[in-house]
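Colleague: There's a structure below that I have some questions on.
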Amino acid sequence: MNHKVTVVYGLPEGRTWHSIFEATRFFIYATLILLGITAVVLSWLIRRSLLPIRELAQEAEKVDAERWAFEAPASSQQFHELRPLASAIEKTLARLQRSFEQQRRFTSDAAHELKTDLAIAKSSLQLLAMRRRTAEEYERGLDVGLEDIARLEATVQKMLALARLEQSPKEGSHESDFAQALRNAIAQCQSYADLRGVIFELSDLPSSAKINLNSEDALLLCSNVLVNAIQHSQENARIAISLTVHSPWTELRIRDHGDGIADSDLPHLFDAFYRSDVSRSRNTGGTGLGLSICKAICARAGGRISIANHSSGGAEVVILLPILVTKSGIN
């Protein structure tokens, strides 16, 4: 005979809730402690990991206009990820130092050049005022003074042109015909060449040679190298001129038959205000800025310029400018 038995078990409710509360509090405290320990450990690890970056920043902060030396800390070289950053800082500072020194040297040379031109103009006027002179002597003295002022004005204009080319941003793309610019420059310099008894030998020019330069800068580039060749040519000498187009370059070669260039002068030909022969440059009106302007124009167009002594005598200028490429192809 089966009997149904019911067992009733009772437990105080307060003790149950107390146990649940204690367990919950334990887990909360344990979690907070673990989070605190984790935070401390992570903070220590982050500070340790960022130490090379802080040392790199502290070393970079030491650089100023008087101290350009920068040496990446050894700690930054231990991390593969930081080596490119340290190398980039070193290269950037080196470029900034060269630019800063170039600007400082340009300012110093410009001040010296302008001071010299002003002193010459002033001395001409002082000499004219030393005693009473005839009308003809005053007229000749004023002509000399005007020539001195014209030389000073030419120097300032070239300085402004060089500053514009080197410092102003490129204003999009331009288009000009380098062959036409060369023709215009030859026509412009013809009277000067005739005065010095120099003859242009011009090879066949291409009908067109499109480049990424405005027409004014293209003409200035051609004129400067032609004038430079004329100034360094002997009387009745010839200047060979050729312009060729061979993708991707437009190549201009101008060779004079002068005395050539001294080896000591070759590295400095494109330095602003540099003259290989000061007395001759003064007599011909040179400022030592023409080749610097040519280099800046070529760099602006993405090209390059070089000067070397020719094996048969004289010096040769070689200018390479990229052919202008448009949406429809090469012009």
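Colleague: Would you grab the residues whose amide H sits under 5 Å from the one on Ser176? Only those 5+ places off in sequence or on another chain, please, with H modelled 1.01 Å from N.
Modeller: Ile211, Leu213
Colleague: Looking at the calculated P(r) for the range 30-149, what percent of the C-alpha pair distances fall above 19 Å? If you can, show how the numbers build up before the last one.
Modeller: Numbers: 5033 of 7140 pairs.
Every Cα pair in the range 30-149 considered, those over 19 Å come to 70 percent.
Colleague: Next question, about the same structure. Roughly what would the spin-label model give for Trp17 and Lys62, points 7 Å off Cα along C-beta, in nm?
Modeller: 6.8
Colleague: How large is the charge dipole for the range 154-210, taken about the Cα centre, if only the Cβ atoms of Lys, Arg (+1) and Asp, Glu (-1) carry charge, to the nearest 20 debye?
Modeller: Working: 6 positive and 7 negative charges, 43 e Å.
That gives a dipole near 200 debye.
Colleague: Still on this structure, please answer the following. Filter the GluC sites (Glu not before Pro) in the range 192-242 down to the DSSP loop ones having no more than 11 other Cβ atoms within 10 Å, then list what survives. Write down the numbers at each step before the final one.
Modeller: Details: sites: Glu201, Glu216, Glu235; in loops: Glu235.
For GluC sites (Glu not before Pro) across the range 192-242 that sit outside H, G, I, E and B with at most 11 neighbouring Cβ atoms in 10 Å, the list reads Glu235.
Colleague: How many Å² of accessible area per residue for the chain, probe 1.4 Å? It would help to have the intermediate numbers written out before the result.
Modeller: On the way: 21320 Å² over 331 residues.
Here the residues of the chain average 64 Å² of exposed surface.
Colleague: On to the next question. Given a Förster distance of 45 Å, report the FRET efficiency between Leu195 and Phe100 from their Cβ-Cβ distance, rounded to the nearest 0.05. If you can, show how the numbers build up before the last one.
Modeller: On the way: r = 42 Å, r/R0 = 0.93.
E between Leu195 and Phe100, to the nearest 0.05, is 0.60.
Colleague: Which ³J(HN,Hα) values, rounded to whole Hz and listed in residue order, are derived for the range 241-258 from phi using the Karplus coefficients 6.51, -1.76 and 1.60 in 6.51 cos²θ - 1.76 cosθ + 1.60 with θ = phi - 60°, glycine and proline given as x?
Modeller: Result, ordered by residue: 10, 9, 9, 10, 10, 9, 3, x, 10, 9, 10, 10, 10, 10, 10, 9, 10, x Hz.
Colleague: Give a residue-ordered list of calculated ³J(HN,Hα) values for the range 112-127 (Karplus: 6.51 cos²θ - 1.76 cosθ + 1.60, θ = phi - 60°; whole Hz; x for Gly, Pro).
Modeller: Per residue, the Karplus-derived 3J(HN,Hα) values read 5, 5, 5, 4, 5, 5, 5, 5, 5, 5, 5, 5, 4, 5, 4, 5 Hz.
Colleague: Given contacts defined as C-alpha pairs under 8 Å and at least six residues apart, what's the relative contact order of the range 151-237, whole-number percent? Could the numbers behind the result be given before it?
Modeller: Numbers: 71 pairs, mean separation 35.7, N = 87.
Relative contact order of the range 151-237: 41 percent.
Colleague: What order, most packed first, do the peptides 31-39, 51-59, 296-304 have when packing is the mean number of other Cβ atoms within 10 Å of each residue? Spell out each step's value before the answer.
Modeller: Numbers: 31-39: 10.0, 51-59: 14.9, 296-304: 19.2.
Per-residue mean Cβ counts within 10 Å order the peptides as 296-304, 51-59, 31-39.
Colleague: Still on this structure: Let me check against my output: what whole-number percent is the relative contact order of the range 11-127, with C-alpha pairs under 8 Å and at least 6 apart?
Modeller: Value for the range 11-127: 15 percent.
Colleague: Which shape class applies to the chain: rounded if a/c is under 1.5, otherwise prolate when a/b exceeds b/c and oblate if not, where a ≥ b ≥ c are the square roots of the Cα gyration tensor eigenvalues? Don't jump to the answer; show the numbers that get you there.
Modeller: Details: a/c = 4.15, a/b = 2.64, b/c = 1.58.
Since a/c reaches 1.5 and a/b is larger than b/c, the shape of the chain is classed as prolate.
Colleague: Hey, rough spin-label estimate for Gln78 and Thr31, points 7 angstrom out along Cα→Cβ, what's it come to in nanometres?
Modeller: So the two model labels end up 3.8 nm from each other.
Colleague: From Cα pairs below 8 angstrom and at least 6 apart in sequence, can you work out the relative contact order of the chain, rounded to a whole percent? Write out the running numbers ahead of the final one.
Modeller: Working: 377 pairs, mean separation 42.1, N = 331.
Relative contact order for the chain comes out at 13 percent.
Colleague: Taking the Cα centre of the chain as the origin, how large is its charge dipole in debye, to the nearest 20, when only Lys and Arg (+1) and Asp and Glu (-1) carry charge on their Cβ atoms? Don't skip to the end; give the middle numbers.
Modeller: Details: 37 positive and 39 negative charges, 263 e Å.
That gives a dipole near 1260 debye.
Colleague: Strictly over 30 Å apart at the Cα level, which of Lys122/Lys295; Lys115/Lys210; Lys91/Lys295; Lys158/Lys210; Lys62/Lys158 would you flag in this model? Mind showing how you got there, number by number?
Modeller: On the way: Lys122/Lys295 33 Å; Lys115/Lys210 41 Å; Lys91/Lys295 23 Å; Lys158/Lys210 26 Å; Lys62/Lys158 37 Å.
Pairs exceeding 30 Å: Lys122/Lys295; Lys115/Lys210; Lys62/Lys158.
Colleague: Check Trp249: other-chain or 5+ apart residues with amide H under 5 Å from its amide H, H built from backbone geometry?
Modeller: Those lying under 5 Å, H to H, from Trp249 are Ile323.
Colleague: A further question follows. What FRET efficiency comes out for His310 versus Ala111 if R0 is 30 angstrom and r is the Cβ-Cβ distance? Round to the nearest 0.05.
Modeller: The computed FRET efficiency comes out at 0.25.
Colleague: What does the charge add up to near Ile239, with Lys and Arg as +1, Asp and Glu as -1, over the other residues with Cβ less than 12 Å from its Cβ? Walk me through the numbers on the way to the answer.
Modeller: Details: positive: Arg196, Arg238, Arg253, Arg255; negative: Glu201, Asp256, Glu316.
Taking every Cβ under 12 Å from that of Ile239, the sum is +1.
Colleague: Could you please report the charge total around Lys210, scoring K, R as +1 and D, E as -1 over all other residues with beta-carbon less than 12 angstrom from its beta-carbon? Please list the in-between numbers first.
Modeller: On the way: positive: none; negative: Glu175, Asp177.
Once all neighbours under 12 Å are counted, the net charge is -2.
Colleague: To continue, here is another question. Using 7 Å Cα-to-Cβ label points, what is the Ser242/Ile149 separation (nm, one decimal)?
Modeller: Inter-label distance under the simple model: 4.7 nm.
Colleague: Shifting gears a bit: Using the charge dipole of the chain (Lys, Arg: +1 at Cβ; Asp, Glu: -1 at Cβ; taken about the Cα centre), state which of Ala161, Leu252, Thr16 has its Cα farthest towards the positive end.
Modeller: Farthest towards the positive end: Thr16.
Colleague: Another question, if that's okay. Provide the FRET efficiency to the nearest 0.05 for the Lys91-Arg164 pair, computing r from the beta carbons and using R0 = 30 Å. Don't skip to the answer; put the middle values down first.
Modeller: Numbers: r = 27 Å, r/R0 = 0.90.
The computed FRET efficiency comes out at 0.65.
Colleague: Determine how large the accessible area of Lys115 is when every protein chain is in place; take a 1.4 Å probe and give Å² rounded to the nearest 10.
Modeller: The value for Lys115 is about 150 Å².
The values are calculated or read from the model by the stated rules, or taken from the named source; none is laboratory data. Treat the numbers as computed from the prediction; the structure is a model and nothing was measured. All Cβ positions, glycine included, derive from the backbone under ideal geometry; neighbour counts span all protein chains shown. Accessible surface is based on the protein model in full, side chains and every heavy atom, while ligands, DNA and RNA are left aside. Shrake-Rupley method; radii C 1.70, N 1.55, O 1.52, S 1.80 Å.
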